[in-house]
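Bear in mind these aren't lab numbers, they're just calculated from the coordinates by the rules spelled out. Every value quoted in this text rests on a predicted model; they were computed, and no experiment measured them. Here the Cβ positions follow ideal geometry from the backbone for every residue, glycine too, while neighbour counts run over all protein chains shown.
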């Protein structure tokens, strides 16, 4: 599929929104499906250079979508990870998530397939902030040391953009594997292939889990879920992970439990020069939700305590005597009398 058609496809998706999630009531979300494209316009059979079988799905794709889905999910179908694509549950700024019927490789009946947009079509203005000080990963989530590949991604050639795109996805898959194995409340990552990640699905066949920001918690849930999120943040810090975009928008709520999602922008608390600022922002955003739910929290103090409790310095890139009183993050600690250690 050429670039022009991909752009037309994503413009169509942004305008229409298939299977948009509408929140109905306290804890539920339901699909509202717009008018389907006529069957005659669906083209499920598409030539594949790599020999993958095309597959017909229950989900009737948008006009330019089916080829993209075959490219992204075809190998999952070939390897019997999935049997069918049932619908699209989310269209986001960098990826779409599809509900799939599981194949023989998985015990669970349903899976979620996160399919990423090409980088040129992702609505991420500051992804370089997260890439800074990070290794470049290959399709096996291994550090790339090849100078030619590193040079290509630095020069932003066509090949280099493919490397950068793959690395972005690999960071999410690797982070999910690490955190799931550590007992964090994240989706189980099953497989990654090229442009997509296959993971456990949160919800059921008629309703996807809504994000926490859309939920008004019962009084008895607030403290419990807040403490559960702190536990997850602790697991992340213990494994050298700062989420980088943590807020109630990236936490799913389903049947009284939470699941943290969206990890491609993770940074290291020790090697990334801006990790402390990014972490403090994550904690502030998350606390804003729980403050609205009636829980009194000092987000600044909480961020400091969590960070220091795992042995990290507040501003490892700045000596203690050179904190900038004009910097918003530095200033809040000057005002509180908490200089970096």
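Sorted largest first, the spans of the alpha carbon positions of segment 205-260 along the three principal axes are 36, 26, 17 Å. Spin-label model, residue 305 to residue 188: label points 7 Å out along the Cα-to-beta-carbon direction sit 3.5 nm apart.
Regarding segment 106-195, what's the average projected area of the Cα-atom convex hull, expressed in nm²?
Over all viewing directions, segment 106-195 projects a mean Cα-hull area of 7.0 nm².
Placing pseudo-labels 7 Å out from each Cα toward the beta carbon at residue 204 and residue 230 gives an inter-label distance of 3.3 nm. From the alpha carbon centroid of segment 90-109 to that of segment 223-300 is 24 Å. In terms of surrounding Cβ atoms within a 10 Å radius of their Cβ, 158, 267, 115 rank from fewest to most as 158, 115, 267.
Compare the peptides 221-228, 282-289 by average per-residue count of other Cβ atoms within 10 angstrom and give them in order, highest first.
Values: 221-228: 15.9, 282-289: 20.0.
Sorting 221-228, 282-289 by mean packing, highest first, produces 282-289, 221-228.
Descending by average beta-carbon neighbour count within 10 Å, the peptides 240-249, 146-155 line up as 240-249, 146-155, the highest first.
One chain, two ends: residue 149 and residue 177. Fully extended at 0.36 nm per residue, the span grows by 7.6 nm beyond their Cα-Cα distance.
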